[in-house]
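The values are calculated or read from the model by the stated rules, or taken from the named source; none is laboratory data. Since the structure is predicted, the reported quantities are computational estimates derived from the model, not experimental observations. Here the Cβ positions follow ideal geometry from the backbone for every residue, glycine too, while neighbour counts run over all protein chains shown.
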Amino acid sequence: MDLIKLLQREFDSKNLVIDSRNLVPYSVDESEAGPFFPQAALIAESPLEIENLLKLALEFNFPVTPRGLGSGKSGGSLPCEGGVVLALDKMQRILEIDEQSLLAIVEPGVITGNLHRAVEGEGLFYPPDPASLDECTIGGNVSENAGGPRAFHYGVTSHFVLGMEVVTMGGTRFNIGQKSVKGVSGLNLTGLLTGSEGTLGVFSRIMLKLLPKPADPGIIMVFFRDVHQAGTALTNILTSSLFPMSMELLDQTSLRNIQGVEGFTSPADAGGALICEFEGLGTNKDLKNRALAKFKESNPLHLQIALSKQECDQVWAARRNVSTKLKENHKHKISEDIALPRIVLPHALKLIDKIARENGLLKGCYGHAGDGNLHVNFLSDQPDPELAFSKAVQELFSTVIALGGTLSGEHGIGLSKKQYMPIEHDPNELAVMKAIKKAWDPWNLLNPGKIFP
Ligand SMILES: Cc1cc2nc3c(=O)[nH]c(=O)nc-3n(C[C@H](O)[C@H](O)[C@H](O)COP(=O)(O)OP(=O)(O)OC[C@H]3O[C@@H](n4cnc5c(N)ncnc54)[C@H](O)[C@@H]3O)c2cc1C
């Protein structure tokens, strides 16, 4: 039977997108992959619609690609084999915030920033804070196991997922996980599904752990002559008893690109900076003095402190703009998301410089360096830099793996990096991953074409 007719028979037409012009937004995300057009998109409003779509998909043999808000940077939500995009961004209800048990139950389409504001209104805290927090969903975050600046102190999304309601290919819906913060009963399926990039099941409800809201956070910004010095200072802080809530690094290109954004200024001769946020910085004098003394050991150019909520919000808003500004200010940009053992960061930064230079490219490096996660952007204002980009990326990944790092710290593999998986993973490890995919979706109909080369 014709797929469109089938969908029109089963679903309310107001929730179906079939016109090719209206399908454009579902054919791209924030990666360089695509466009890939689906035959249709279904805007789900309830778990029942997810269930029905996955039942039909198995019966009539068409692929389904789950999608949050399409802010993914590895092509995970792109329907590269056609079929139907399952849009989850209208399932936006926060179903429960339990202040006593410190947990929240949400629909998958809740925007991450909205959850932050809702729980903070109750004196609570949901730490995972991808820089895209107002443009991405909790479902997308769980699927990619998203990180962000605060992952350094609190951990990534998987540290906050207690359980979920999941729908598998064929339309079976069930709950996994538990409400307690601890639990070792059976295999850890919650852990397996978190970071599964929409390939094993669709989350229709998600149960998250919350924390009490930290008191009086404040930021120390430390500017250095060059980024390698910033990398060394970072290692110095890591091995001290100071434990910031976040530790971000920016190189010279990144600093220059956000100059003036939200009032952000850096010294003209700064070649690198650290942004470190501490709980209680405004009220705990001893903490402030110890932190400043530690930073001064690394001989910085300049130190700047932000204590009020408005000042801190401005610093974070400028930091979140780095990716957008690099894209706006350069003709071509390719962005990678490597993670490294933190001790090798200063050395790795030098090697990345060399790779960019030797391939005739510019580079902008910034990111969650507290946990070794760097966003390496190769930039070019020349026509047709594709060959240089591809050589630089290949060299970057080989270098990262040789240094004991990984292809992706938080953006996932999706479509963009699947060809590089054999550089990092043993064939036996890849075979186990593929067997797991087969156990959940033997027909390869749920988000096919992702992760595996
Ligand atoms: C400017 C910018 C900054 C960013 N900063 C960060 C950052 O700091 N940290 C970080 O981790 N990421 C960051 N990202 C990447 C991106 O925002 C995250 O990967 C985010 O988690 C994707 O959420 P989304 O709702 O947009 O998902 P989408 O892009 O729509 O989908 C991502 C994946 O999730 C799957 N999926 C979506 N919903 C579900 C569901 N309910 N059930 C099962 N699978 C599902 C999709 O199939 C796909 O594989 C950034 C992106 C941009 C553009």
Practice item. Filter segment 177-200 down to the residues that are hydrophobic (A, V, I, L, M, F, W, C) and under 23 Å from the mean Cα position of the chain (by Cα), then identify the one that is nearest to residue 75 (Cα to Cα). Key: 200
Review point. Can you spot a residue in segment 112-119 that is within 28 Å of residue 37 (Cβ to Cβ), aliphatic (A, V, I, L, M), more than 8 Å from the ligand (Cβ to nearest atom) and modelled with pLDDT of 95 or more?
Key: no
Point to revise | Every residue from segment 411-443 that is free of Cβ contacts under 8 Å to residues at least 40 places away in the same chain and within 16 Å of the ligand (Cβ to nearest atom) | key: 418, 421, 433
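Residues of segment 58-68 being within 16 Å of the ligand (Cβ to nearest atom) and surrounded by fewer than 22 Cβ atoms within 10 Å (Cβ to Cβ), which ones?
62
Tally up the residues in segment 406-438 that are small (Gly, Ala, Ser), outside any loop (DSSP other than H, G, I, E, B) and more than 20 Å from residue 65 (Cβ to Cβ), please.
Looking only at that region, the number is 2.
Residue-wise test of (1) at pLDDT below 95; (2) in contact with a helix residue (DSSP H, G or I) (Cβ under 8 Å, 6 or more places away or on another chain); (3) within 15 Å of the ligand (Cβ to nearest atom); (4) among the hydrophobic types (A, V, I, L, M, F, W, C).
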{"residue": "27", "(1), (2), (3), (4)": "no, no, yes, no"}
{"residue": "38", "(1), (2), (3), (4)": "no, yes, yes, no"}
{"residue": "41", "(1), (2), (3), (4)": "no, yes, yes, yes"}
{"residue": "44", "(1), (2), (3), (4)": "no, yes, yes, yes"}
{"residue": "49", "(1), (2), (3), (4)": "no, yes, yes, no"}
Practice item. Only one of these is buried (at least 21 other Cβ atoms within 10 Å of the Cβ) and either within 25 Å of residue 129 (Cβ to Cβ) or modelled with pLDDT of 95 or more (or both): 187, 208. Name it. Key: 208
Check your understanding: Taking segment 87-97, which residues are of a type outside the set (Asp, Glu), surrounded by fewer than 21 Cβ atoms within 10 Å (Cβ to Cβ) and within 14 Å of the ligand (Cβ to nearest atom)?
Key -> 90, 92, 93
Point to revise | Qualifying residue in segment 320-335 (condition: at pLDDT 95 or above and more than 16 Å from the ligand (Cβ to nearest atom)) | key: yes
Review point. Is one or more of the residues making up segment 193-206 basic (Lys, Arg), on the phi < 0 side of the Ramachandran plot and away from the ligand (no atom under 11 Å from the Cβ)?
Key: no
**Study point:** Residue check for residue 71: within 14 Å of the ligand (Cβ to nearest atom), assigned to a loop (DSSP other than H, G, I, E, B) and more than 23 Å from residue 213 (Cα to Cα)
**Key:** yes
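Of these, 167, 156, 142, 84, which one is β-branched (Val, Ile, Thr), buried (at least 17 other Cβ atoms within 10 Å of the Cβ) and more than 9 Å from the ligand (Cβ to nearest atom)?
Values: 167 fails: more than 9 Å from the ligand (Cβ to nearest atom); 156 fails: more than 9 Å from the ligand (Cβ to nearest atom); 142 fails: more than 9 Å from the ligand (Cβ to nearest atom).
Just a single option satisfies the conditions, and that option is 84.
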